[in-house]
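In what follows, a structure is listed as C-alpha cells, so that the remarks can point back to it.
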Amino acid sequence: MSFLIYDSETSGLAPAWNVPLQAAFVAATDADLLPSRQTVLTARLPAHVVPSPDAMLVTGLDPDRIDAAPLSQLEMMKAIAGILDAASPTTILGYNQLAYDEEVLRHGFFQTLHPPYGTSMPGFARADVLIMLRAVAMLAPDAITIPVTPQGKPTMRLGPVCRANGIAFDEADAHDALNDVHATIALFKLLRERAPTIIAAMMANAHKSGPAGLLARPEPLGLGLFNRMIPAGGIMPTPGNASSWAVADLTVDPTYLDATPEQLGEMLFARGERPIRLVKTNAQPILLPWEMATTAGQNEIPQDGELQARLARIRGHARFRDNLAIALAWRFAGKEPSPWPDDALYSGGFISREDAITSRRWHEVAWDQRVRLGRQLLGDVRLKAFANRWAWLEAPGELSAVEREKGSAWFTHRLDTPDDVPWLTRPAALQRIAALKGGAGPSDPDRARQLDTIERWLAGRSRSLSRAA
C-alpha cells in the first residue's frame, strides 16, 4: 500500500473564497510510511483575494514571504494536479483534510479550470487521521490520550494530541504544512500500533466501496457520531447520489414508517433526536460491525434481537422506502444556486465532458488562445467567469477594451464593495485588524507587532492593487 500525505496552509477558512498559500506532500511507499519523496509548494496571493487577518495570525505567514513565493495560484494548482496524477493509485492521508483541505483543493481546482473532484477519481482512497483518532477515542479510550484545554475541554488539535502522546511537535512548528504532514504520519503510526483492529477497519472505509458494502448488510452496524457510537442500519442510497446513504438510528423505535415525504424530510435535519441520518460513504465514516462498537454504545441500547427486528421492519416497509426516496430527492428542490461562481461548485451541476476537454486545452496554450477558448468554447458560465478572471489578472493585454473595463469593475467590487457579501473585503479586513488590536493586551507585544505588519501590508497592497485596476 502506498500513501500520499499532505497538508495545506490557506489565506482563510472559507474554501470557496480563499486559496492555498503553502502545500506539502510526502509520498510513502511501504507499510512503515517511510517517506520516499516530499514536495513543498508556496504560492503568491492572487490579487482578488483578501487574506483573513485571523488566519495570518494563526499560521504566522509572513506577508513578505507571501509576495516572494515562486508560484502563482494557477501554477500552484497545476503542480498539485500533477502530484496527484503521478501518485495514483494511492491512499491520500491527512489530518482533518476530508472536512477542510479537500474542500480547499476542490474549490481551487474548480476555479483554476482543473477537474474539481480529482482526489475522488478511480485510483484514490481517502483517509483522515482525525476521524480515525475519534474512532479510537470512542472505542479504545485507554489506547490514546486526549488532552484537555485550560478550560477543561477535550481537544483534538494536532499539536496538543501529538504532545500528549509522546510525539515531539512544538507549537511553534505547527501551521507549517510540512511539519504538520510529518506529525500526521507519526500520529497515524501510533494509532495503528495501539489500536490495530480499529485502524484496519477504518482503513477499509477509506474507499467508498467499504462503507457501501457494510450499509447493504442486513445486520445492525455501529455508527460513530461526534463523540458516541449508535446502532444503525442502512436504508438506501440517496437518489442521484450513490455516495450518500440514508441510515436509521436503531435506538429510535421506528414509529415513523407511515410518515409522509414532508415529515420524513423534516426528520432528516431535525435538531436533537434524529431517527434518520445521512452518511457519506466517500468521507471515511466511522462505520463498523456492531460487535466492534457495543462497548462504546450508550446505556439503554435495545438488545441485539430488537435492533435486528427494527432494521427488518424499516427495510421491509415498501411505502416508507418510497416516501423516503421522495424526501431525499426533494432535499435541494427550490434551493437557489449561488449568484457567485466561486460558491457554485455544488449548486451549478457537474462539468460537462466538452468543457472538461476545453479546460484541459486551456492549460496547454498561450494566453491569446486561452482568451479565445474562454470566449468561444467554454459553455459553463462558471468556468467562463474564471477564464475571464485569470485573463484579466494575468494577461489583460489580450483582452478587448470592453473586457478590460468589465474586469476592472469586477475587481473593484470584489475588493471594496460595501454590500453584504460572503467574501472578505479590504475594508472588512482592516476593520477586523482594528478589533484584534483592541483585544491585544500589553502582554501580547509580538501579536501587536504582527497585526501592525499585516495592517501595513494590506494597506500597501491595497494601494498597488487599486493602481493596477
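Observations
- Count - residues of region 194-225 that are over 16 Å from residue 292 (Cα atoms) and out of contact with any helix residue (DSSP H, G or I) (no Cβ under 9 Å at 6 or more places or on another chain): 6
- Of all residues in region 358-369 being assigned to a helix (DSSP H, G or I) and in contact with a helix residue (DSSP H, G or I) (Cβ under 9 Å, 6 or more places away or on another chain), the one that is surrounded by the fewest Cβ atoms within 10 Å (Cβ to Cβ): 368
- Counted as qualifying within region 117-196 are the helices (runs of 4 or more DSSP H) with 3 or more residues that are in contact (Cβ under 8 Å) with a residue 60 or more places away in the chain, namely 129-139, 177-194.
- Only one entry in 43, 127 is surrounded by 18 or more Cβ atoms within 10 Å (Cβ to Cβ), over 30 Å from residue 242 (Cβ atoms), of a type in the set (Gly, Ala, Ser) and modelled with pLDDT of 95 or more, namely 43.
- Listed here are the strands (runs of 3 or more DSSP E) enclosed by region 231-346 that have at least 3 residues being hydrophobic (A, V, I, L, M, F, W, C) and under 26 Å from residue 119 (Cα atoms): 241-249.
- Taking the criterion of being modelled with pLDDT of 95 or more and farther than 22 Å from residue 102 by Cβ, the residues of region 328-354 that qualify are 352, 353, 354.
- Residue check for residue 29: among the hydroxyl-bearing types (Ser, Thr, Tyr) and in contact with a Lys or Arg (Cβ under 9 Å, 6 or more places away or on another chain): yes
- Filtered residues of region 315-337 (kept if in contact (Cβ under 8 Å) with a residue 24 or more places away in the chain and not basic (Lys, Arg)): 317, 320, 323, 324, 325, 326, 327, 328, 329, 330
- If only residues of region 374-385 that are surrounded by fewer than 21 Cβ atoms within 10 Å (Cβ to Cβ) and of a type in the set (A, V, I, L, M, F, W, C) are counted, the one that is modelled with the lowest pLDDT is 377.
- When residues of region 245-281 are limited to those that are out of contact with any Lys or Arg (no Cβ under 6 Å at 6 or more places or on another chain) and among the polar types (S, T, N, Q), the one nearest to residue 125 (Cα to Cα): 251
- Across region 347-357, the qualifying residues are those that are hydrophobic (A, V, I, L, M, F, W, C) and in a helix (DSSP H, G or I), and the one among them that is surrounded by the fewest Cβ atoms within 10 Å (Cβ to Cβ) is 357.
- Taken together, 226, 169 contain a single residue that is closer than 30 Å to residue 54 by Cβ and surrounded by 19 or more Cβ atoms within 10 Å (Cβ to Cβ), which is 169.
- Of all the listed residues (21, 57, 34, 13), the sole one being under 17 Å from residue 103 (Cβ atoms), of a type in the set (A, V, I, L, M) and surrounded by fewer than 18 Cβ atoms within 10 Å (Cβ to Cβ) is 13.
- Test: residue in region 291-307 that is in contact with a helix residue (DSSP H, G or I) (Cβ under 7 Å, 6 or more places away or on another chain) and either assigned by TED's automatic domain parsing to the domain that holds residue 98 or among the aromatic types (Phe, Trp, Tyr) (or both): no
- Residue that is under 22 Å from residue 130 (Cα atoms), surrounded by 21 or more Cβ atoms within 10 Å (Cβ to Cβ) and β-branched (Val, Ile, Thr), where the choices are 80, 5: 5
Residue-wise test of (1) outside the structural domain of residue 17 (by TED's automatic domain parsing); (2) of a type in the set (A, V, I, L, M); (3) assigned to a helix (DSSP H, G or I).
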residue: 393; (1), (2), (3): yes, yes, yes
residue: 404; (1), (2), (3): yes, no, yes
residue: 407; (1), (2), (3): yes, no, yes
residue: 420; (1), (2), (3): yes, no, no
residue: 429; (1), (2), (3): yes, yes, yes
residue: 432; (1), (2), (3): yes, no, yes
residue: 438; (1), (2), (3): yes, no, yes
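- Options 267, 203: the member that is out of contact with any Ser or Thr (no Cβ under 6 Å at 6 or more places or on another chain) and closer than 12 Å to residue 324 by Cβ: 267
- Meets criteria (over 19 Å from residue 217 (Cβ atoms), under 31 Å from the mean Cα position of the chain (by Cα) and of a type in the set (S, T, N, Q)) for residue 284: no
- Against the test of being in contact with a Pro (Cβ under 6 Å, 6 or more places away or on another chain) and modelled with pLDDT of 95 or more, the options 315, 310, 321 yield a single qualifying residue, 310.
- Members of region 73-104 that are hydrophobic (A, V, I, L, M, F, W, C) and in contact with a Phe, Trp or Tyr (Cβ under 9 Å, 6 or more places away or on another chain): 74, 77, 80, 81, 83, 84, 87, 92, 93
- Inspection of region 146-155 identifies at least one residue that is within 23 Å of the chain's Cα centre (by Cα) and at pLDDT 95 or above.
- Top-ranked residue of region 231-248 - restricted to ones that are more than 24 Å from the chain's Cα centre (by Cα) and surrounded by 23 or more Cβ atoms within 10 Å (Cβ to Cβ), ranked as nearest to residue 292 (Cα to Cα): 231
The values are calculated or read from the model by the stated rules, or taken from the named source; none is laboratory data. Quick caveat, the model's predicted, so the values are computed rather than measured. Neighbour counts are summed over all protein chains in view; Cβ atoms, including those assigned to glycine, are modelled from backbone coordinates with ideal geometry.
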